[in-house]
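K.L.:
First the structure, which I've put down as structure tokens, then a few questions once you've had a look.
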Amino acid sequence: MDDNKIMGKVSFMMVLFFLVLSCFPATVQPSINTAVQAMAGFGPSIVLRLTGNVYPRGQFELSLRIGNPPKSFTFEIDTGSDLTWVQCDANCQGCSLPKHELYKPGKAYVPFDDPLCAAIGNPGSDNPKEKCDFTVQYVDLSTSGYLVRDIFTLRPDKGSTAGSITFTFGCGNKIQSSGNKIQSNYPEKPLETAGILGLGKSNVSIPHQLRAVGETQNVIGHCLSGKSGGFLFIGNDPVPSSGVTWVPMLKEELLVQYYASGPADLFFARKATDIKIPHVLFDCGSTYTYFPSRIYGAILSLLSNDLIGKQLVQVPFDQDGTLPVCWRGREPFKSLSDVKSYFKTFTLRFTKDAYLQLPPETYLVISEHGNACLGILNGTVDDVEYNLLGAISMLDKMLIYDNEMGQIGWTSRDCFPPISRTEPFSAML
């Protein structure tokens, strides 16, 4: 058949397909996106098991194998940053792992004139063939090093090309604490994983690199269990066909690089407040949720006023030390279910009546002393410039970051056990 006729037929079918797509409500479009994924020739989604928790671990992590022969490394997942990096056996300063557990880089470094070097904001060098160096700054630490390429094993049992795909990532050989402590009191701790898995929006992120080679669509999601663990997915297959609340990603210049939406109105105990939140960043790499002083103070006042007469006493920091604000009951609390009767639900109402509920389980932790501690922190004190929802506020929800459609979605879900192997997409569990 003539190639022009083939292309004309395909184009007509695609136009017809998207006309039909536009007739469906937003909540069912992700399932149609799965059909688009198949038409575009993308492979099945990748699903990875998570371990960890908000408290006391403070992070969610997974294991990936790098190199040939492959060696396992643990990574903290982070939707708030782009570059994936691993502690590297290259004269490392400040590495928290013993030397034999560090990643050993080969000769496949990334030069300055590589497009992914520019993607991390590197201004370049007089010698374009030199190693592309990087520095990443987080709230609590910074790392620097240079970019390398190596094989990541993502689907060892599926026979897909992604079972041994080459990625660009960071060889981190200088790790430093930033000196920041939560509320200037929170105790620092060393990096407990081999590195950070950057899941952000730039070209250097792992989801974008998978998209660039046609493996999966640039859709990621996670389900963080309040009990511990959960799962991470890359690709569109696990996205539910209904029941998902969607909000558009912001395109403002200062926020376009993040997974952000807004504005949002804050409700407390199903009642409107006068608290207006101009934007909200979704960052699973942050353990806790941050607001600037004005909003944080208003939230703390709402809670404190509602607790009057409820036989809870605020505990001085030096008597607990877990987080800046904790409350003690008549008896030590054993679990979050013990405090649900004392605390009310917050709700964020985004545009188009999209609601994100934050019950007590998503803003409190029970300390080792049996106190209920507030996992909403003053971002102004800790140099966090944005309104930021951390992992604590994402518990027992599937969060979806759809870079193809430019939207963020969520739905309540039991995150453990993870997705069944019988479902029609690839899983490494």
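Each value in this text was obtained by applying a stated rule to the coordinates, not by laboratory testing. From a predicted model like this one, the values you see are computed outputs, not experimental measurements. Positions of Cβ are generated from backbone atoms using ideal geometry, with glycine treated the same way; all protein chains shown enter the neighbour counts.
K.L.:
7 Å from Cα along Cα→Cβ at both residue 273 and residue 149: what's the point-to-point distance in nm?
P.N.:
Going from the residue 273 label point to the residue 149 one covers 5.0 nm.
K.L.:
Something else: Would you calculate the separation in nanometres between label points at residue 383 and residue 345, each defined as 7 Å from the Cα along the Cα-to-beta-carbon direction?
P.N.:
3.8 nm
K.L.:
Could you work out, for segment 75-161, what percent of all Cα-Cα pairs fall into each 5 Å distance bin, beginning at 0 Å and stopping at the bin that holds the largest distance?
P.N.:
For segment 75-161, the pair-distance distribution reads 3, 11, 20, 21, 22, 14, 7, 2, 0.
K.L.:
So, one more: Can you give the charge dipole size of segment 341-419 about its Cα centre, rounded to the nearest 20 debye, using +1 on the beta carbon of Lys and Arg and -1 on the beta carbon of Asp and Glu?
P.N.:
340 debye
K.L.:
Quick one: if you take sqrt(5λ) for each eigenvalue of the C-alpha gyration tensor of segment 356-399, what semi-axes come out, biggest first, whole angstrom?
P.N.:
19, 17, 7
K.L.:
If you stretched the chain out fully between residue 353 and residue 68, how much longer would it get, using 0.36 nm times the residue separation minus the C-alpha to C-alpha distance?
P.N.:
Separation in residues times 0.36 nm, less the Cα-Cα distance, equals 97.6 nm.
K.L.:
Any chance you could list P(r) for segment 271-316, counting all Cα-Cα pairs in 10 angstrom bins from zero, rounded to whole %?
P.N.:
Percent of pairs per bin, in order: 19, 43, 31, 6.
K.L.:
Which value results when the Cα radius of gyration for segment 277-429 is divided by 2.2 N^0.38 Å?
P.N.:
Output field value: 1.16.
K.L.:
So, how do all the Cα-to-Cα distances of segment 201-323 break down into 5 Å bins, in percent, from 0 on up?
P.N.:
Values per bin, smallest distances first: 2, 7, 11, 15, 18, 16, 11, 8, 6, 3, 1, 0, 0.
K.L.:
If packing is taken as the mean number of other Cβ atoms within 10 Å per residue, what is the order of 84-92, 130-138, highest first?
P.N.:
84-92, 130-138
K.L.:
A follow-up question, please. Return the tail of the calculated pair distribution for segment 292-382, meaning the percent of Cα-Cα pairs more than 19 Å apart.
P.N.:
Distances greater than 19 Å cover 41 percent of the Cα pairs.
K.L.:
Ranking request for peptides 315-321, 358-364, 347-353, 52-58: highest mean number of other beta-carbon atoms within 10 Å first, then the rest in descending order.
P.N.:
Highest to lowest by the protection proxy: 358-364, 52-58, 347-353, 315-321.
K.L.:
Pairs 276/397; 131/201; 201/340: which exceed 29 Å Cα-Cα?
P.N.:
Pairs exceeding the cut-off: 201/340.
K.L.:
Regarding segment 32-132, what is the average projected area of its C-alpha convex hull, in nm²?
P.N.:
Hull-based average projected area comes out at 10.3 nm².
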